[in-house]
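Accompanying notes for the structure given below.
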Amino acid sequence: MRSVIVFILGVGAVVSAQSPPVSKPSPPKTMRLYVFDCGTLNISSEGVNRYHVTPTEVGEPRMPVPCFLVAHPKGTLMWDVGVIPDATVEKAGTNGARYDVNTTAAAIVTRTLKSQLAAIGYSPTDITYVAISHAHKDHSANLNQFAASTWLTPRAEREFMWKPGNERVEPSFYTALEKSKTILLDKDEYDVFGDGKAIIKAAPGHTPGHQVLVLQLGSTGRIMIAGDLYHYPPERTMHRAPPDNEFSVPQSAASRAMIDAYLAKTKTTIWIEHDFGANAKLKKSPTFYD
Ligand SMILES: [Zn+2]
């Protein structure tokens, strides 16, 4: 009997060393959040000033580009999908891929999103839902890989994505989503898994359909992954006005006030996605928050 067990373990080890996982990971018993490294943005001084803060006030001008996977007992949700498509990152090799998002923000990406998903047993085609905080280039690069997922998007953002002459987006990043199964989010809140633990909340202004993700994790507690409601923490602590190039400055200001009241009322911690110092301290996949 003992020799049979040794034999089976031996075969299993050989198979897992040579081939990627063939079956989806079984759903976790409680909700988990994985954080991936989807790159870094180098921001010029002029770029920092756009947010009505100075390089001295922010200290660190670089911005991380995180991607997130929520694994829930009833399915999975991918939230924000990077700044450079995986295929470009693969071609660039070990030095990383580079891409100028605009004249003030230069992206560098060294790891693919799909390799980080594969490391925890997932493939993009396994993912139940995909949503982005908003469609700017640094949040949408790998959307095409999630065309088989159900897309959760405000109608206004979907329209913004294919608006002719929109220079803030890159439609080639999401051509395949035009025909995806889509749930249009027309209310202030959408309960992704039906148990109140993952809520997509409207926070428009940065773009017409900008939104944030509120998670109620068993051990970690309540967090809000806040998209680009803010970029640098001093914008919030020093009460600076939203950038002049927002889709709607008054709408952004109203969303910031509404979200601040919500955070206080619900005792929720905000995660500013592009906050370099905060991101450096986050647990990265394969470790996770639960
Ligand atoms: Zn951004």
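Quick notes on this one:
- Matching residues, the stretch 249-283, being away from the ligand (no atom under 16 Å from the Cβ) and of a type in the set (Ser, Thr, Tyr): Tyr262, Thr266, Thr268, Thr269
- When restricted to residues that are within 22 Å of Phe193 (Cα to Cα), open to solvent by less than 10 Å² (accessible area, probe 1.4 Å) and part of a loop (DSSP other than H, G, I, E, B), the stretch 133-155 contains 3.
- In the stretch 219-248, of all residues being away from the ligand (no atom under 16 Å from the Cβ) and open to solvent by less than 50 Å² (accessible area, probe 1.4 Å), the one that is farthest from Pro66 (Cα to Cα) corresponds to Ser248.
- Among the residues of the stretch 245-286, those identified as of a type in the set (Ser, Thr, Tyr) and in contact (Cβ under 8 Å) with a residue 60 or more places away in the chain are Tyr262, Ser285.
The values are calculated or read from the model by the stated rules, or taken from the named source; none is laboratory data. Since the structure is predicted, the reported quantities are computational estimates derived from the model, not experimental observations. Note that we place each Cβ from the backbone using ideal geometry, even for glycine, and neighbour counts take in every protein chain shown. Side chains included, ligands, DNA and RNA excluded: accessible areas come from the protein's heavy atoms. Shrake-Rupley method; radii C 1.70, N 1.55, O 1.52, S 1.80 Å.
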